[in-house]
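*Asks:* Just passing along the structure, written as structure tokens.
The values are calculated or read from the model by the stated rules, or taken from the named source; none is laboratory data. Since the model is a prediction, treat every value here as computed from it, not as a measurement. We place every Cβ from the backbone using ideal geometry, glycine too, and count neighbours over all the protein chains shown. Just the protein is used for accessible areas: all its heavy atoms, side chains included, with ligands, DNA and RNA removed. Shrake-Rupley method; radii C 1.70, N 1.55, O 1.52, S 1.80 Å.
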Amino acid sequence: MAYSHYILVCGGTACESSSSKKIYENLKAEAQALGVADEVQIVQTGCFGFCEKGPIVKVLPEDSFYVNVVPEDAHEIIAEQIVKGREVPRLLYDKNKKSTEEVSDIPFYKKQIRIVLRNCGVINPESIEEYIARDGYLALEKVLFEMTPEQIIQEIKDSGLRGRGGAGFPTGLKWEAGLKASGDVKYVVCNADEGDPGAYMDRSTIEGDPHSVLEAMTICGKAIGSHHGFIYIRAEYPLAVHRLEIAIKQATDKGLLGKNILGSGFDFDVEIRLGAGAFVCGEETALLRSIEGKRGMPTPKPPFPAQAGLWGKPTIINNVETWANVPVIITKGASWYNKIGDADSKGTKVFALTGKIANSGLVEVPMGTTLREIIFEIGGGIKNGKKFKGVQTGGPSGGIISDAELDTPIDYGALIRMGSMMGSGGMIVMDEDDCVVDIAKFYMEFCVDESCGKCSPCRIGTRQMYAILEKISRGNGTMQDLQKLEDIGSAMKACSLCALGQSAPNPTLSTLKKFHEEYLAHVQDKKCPAGKCKHLLTFFITEKCIGCGACARQCPANCISGEVKTRHVIDQTKCLKCGACERTCKFHAIEKK
């Protein structure tokens, strides 16, 4: 059936939590009620990426990009655009949109190249037919009937694709090791255990395009001689799990998974394994133990999983983003892919841009794009006109990058040289109100909780570093403590068993180096310049006070006194530094320093 219009409704987790499903249902109901159900196809897609403006509704062919849509807007969209043929200006991202302008002209999208996210926000992720309509499974057909295992691996090697899960190991070399490994039984594993605070790239990719992962894993199975794959995904990602289950059934029913795929004689099955949310299970050997039904704890390497992984058999592990690149590389060719990016890192990288940023969301940019371009052009700069302070990349394993490094092109090597890392792609922006000691303490506390405890450097080191950071944030730190942080951090990096322990000191060590003056303020002056460390704050009442007594009534410590219509005072010996008084005062008469 030919439709005059197509309406795409964001169906990612973030938008679903803001009633996008109800928007979808209301649009369907309004189209029926107004007699245009046969003229418009309404589709619930995956994430559009522009999370700051969700829920998002896009109408084709006009390319109308409606933002912050609520269920009650459904009637106007159908009545105006579908029935009367005119856009709804109040809902448009660009209220002055010209007919020639497209969504790709929006600053948030202008510098993006969507390879991994190519189908997210475009297709119904629960429809294999829509995936096939956008060249889905063409790559699988090509490798089954036109390529040898060696040719498949050479194509991946020539593309320059590196693992997007953290370390950036060349994907082709990993697959080659799997092919050369001896044994009749081999496994392919997708690591969808995305645990970095603020990161949701892999979850959104699966929610918006699950078939790309299944197709890529099957291609790898053909390349290395494997007939069985596992997707290890967090149980707390119910929508992603649901869409994977649908995709696996659809692919099996269509003969694209299972026995004798497309009549080629090649067999490949995929199973889902649910993780319980342990951060350490993002480490490949811990993940494999968890799939086997054991406690998720890292094991020493070598042997590497490509030689001895699941149940001692050769196993290839890549994360969701890495897999999502594979079908495009096979279909369009390595020479096309490796023209994107820079000399060190090829292709694109997906980042979850969050924090004190005007335009938060999923961003996919060519490798070599600068941090300044991402934060100030795509991201729209810092919220509320505040000053940029730093950006954390790589989650608890990464470091904070300062404003002096904003013009550095992002690739694997550059981030490591700056004391950070690519990681899976979390990118948390901080402003002048953020305290680096508090941030370092937050990430170290996370690592304390998530350490498996198997090796002493990580088990003891994370706790010791956290205790010192807590001591500094309370105003009890010494200069010797700063040296201890460096010494313990260096020992952890050198001696920990896995990447969790080896990288856990990065946020602390990077801030010690780049924001040393802020640490000195905490240690020597007993002050927190950002006003975050409450034990170093002093609340005082200024001459703006009119003596209304509102602050005194809200104070849990009863430490504020004063007569009506006279300036009140705070007893500093009793003050809990909770800030209730500051939040209560309508006259902004209470300040902190």
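*Asks:* Over 27 Å from Gly168 (Cα atoms), part of a helix (DSSP H, G or I) and not β-branched (Val, Ile, Thr), is that true of Ala247?
*Replies:* yes
*Asks:* Still on this structure: Just one of Leu140, Leu117 is crowded, with 23+ Cβ neighbours inside 10 Å and closer than 25 Å to Tyr237 by Cα; which is it?
*Replies:* Leu117
*Asks:* Could you list all residues from the stretch 557-593 that are closer than 29 Å to Asp438 by Cα, open to solvent by 80 Å² or more (accessible area, probe 1.4 Å) and without any contact (Cβ under 8 Å) to a residue 40 or more places away in the chain?
*Replies:* Within the stretch 557-593, Asn558, Val569, Thr573, Lys574, Leu576, Arg583, Lys586 qualify.
*Asks:* Also, quick follow-up: Taking the stated definitions as given, is Ala324 open to solvent by less than 10 Å² (accessible area, probe 1.4 Å), out of contact with any Cys (no Cβ under 9 Å at 6 or more places or on another chain), among the aliphatic types (A, V, I, L, M) and not in a loop (DSSP other than H, G, I, E, B)?
*Replies:* So Ala324 passes the test.
*Asks:* What number goes with the only condition from (1) more than 22 Å from the chain's Cα centre (by Cα); (2) within 19 Å of Glu176 (Cα to Cα) that Ser290 does not pass?
*Replies:* Going through the list (1) more than 22 Å from the chain's Cα centre (by Cα); (2) within 19 Å of Glu176 (Cα to Cα), Ser290 breaks only (2).
*Asks:* In the stretch 158-173, what residues are within 17 Å of Pro327 (Cα to Cα), in contact (Cβ under 8 Å) with a residue 24 or more places away in the chain and either among the basic types (Lys, Arg) or open to solvent by less than 50 Å² (accessible area, probe 1.4 Å) (or both)?
*Replies:* Ser159, Gly160, Leu161, Arg162, Gly163, Arg164, Thr171
*Asks:* For the stretch 525-551, enumerate the residues that are outside any loop (DSSP other than H, G, I, E, B) and without any contact (Cβ under 8 Å) to a residue 24 or more places away in the chain.
*Replies:* Result: Asp525, single match.
*Asks:* Please indicate, with yes or no, whether at least one residue in the stretch 224-237 is modelled with pLDDT under 95 and either under 19 Å from Phe145 (Cβ atoms) or not charged (D, E, K, R) (or both).
*Replies:* Yes, the stretch 224-237 contains at least one residue that is modelled with pLDDT under 95 and either under 19 Å from Phe145 (Cβ atoms) or not charged (D, E, K, R) (or both).
*Asks:* For the list (1) closer than 21 Å to Ile357 by Cβ; (2) surrounded by 18 or more Cβ atoms within 10 Å (Cβ to Cβ); (3) modelled with pLDDT of 90 or more, I need the number of the one condition that Cys452 fails.
*Replies:* Unmet condition: (1).
*Asks:* Going by the structure shown, is Lys186 more than 30 Å from Ser20 (Cα to Cα), touching a helix residue (DSSP H, G or I) at 6+ places or on another chain (Cβ under 6 Å) and open to solvent by 50 Å² or more (accessible area, probe 1.4 Å)?
*Replies:* Here the answer is no, as Lys186 does not meet what is asked.
*Asks:* I've got another one for you. Out of the stretch 298-308, which residues are under 27 Å from the mean Cα position of the chain (by Cα), open to solvent by 30 Å² or more (accessible area, probe 1.4 Å) and of a type in the set (A, V, I, L, M, F, W, C)?
*Replies:* Phe304
*Asks:* One residue is enough: does the stretch 562-579 have a residue meeting the conditions outside any loop (DSSP other than H, G, I, E, B) and of a type outside the set (Val, Ile, Thr)?
*Replies:* No; the residues of the stretch 562-579 include none that is outside any loop (DSSP other than H, G, I, E, B) and of a type outside the set (Val, Ile, Thr).
*Asks:* Of all residues in the stretch 485-496, which are surrounded by 14 or more Cβ atoms within 10 Å (Cβ to Cβ) and not hydrophobic (A, V, I, L, M, F, W, C)?
*Replies:* Glu486, Gly489, Lys493, Ser496
*Asks:* Filter the stretch 4-25 down to the residues that are of a type in the set (A, V, I, L, M) and surrounded by fewer than 24 Cβ atoms within 10 Å (Cβ to Cβ) and list them by number.
*Replies:* Scanning the stretch 4-25 gives Leu8, Ala14.
*Asks:* Suppose we filter the stretch 354-370 for residues that are in contact with a helix residue (DSSP H, G or I) (Cβ under 7 Å, 6 or more places away or on another chain), of a type outside the set (Lys, Arg) and either open to solvent by less than 20 Å² (accessible area, probe 1.4 Å) or within 24 Å of Leu512 (Cα to Cα) (or both); how many remain?
*Replies:* Looking only at that region, the number is 5.
*Asks:* Is the stretch 135-147 home to any residue that is closer than 21 Å to Gly46 by Cα, without any contact (Cβ under 8 Å) to a residue 12 or more places away in the chain and among the acidic types (Asp, Glu)?
*Replies:* No.
*Asks:* So which of Ala504, Ala499, Ala521 is of a type in the set (A, V, I, L, M, F, W, C), within 18 Å of Gln392 (Cα to Cα) and either open to solvent by less than 20 Å² (accessible area, probe 1.4 Å) or touching a His at 6+ places or on another chain (Cβ under 7 Å) (or both)?
*Replies:* Going through Ala504, Ala499, Ala521 in turn, just one is of a type in the set (A, V, I, L, M, F, W, C), within 18 Å of Gln392 (Cα to Cα) and either open to solvent by less than 20 Å² (accessible area, probe 1.4 Å) or touching a His at 6+ places or on another chain (Cβ under 7 Å) (or both): Ala504.
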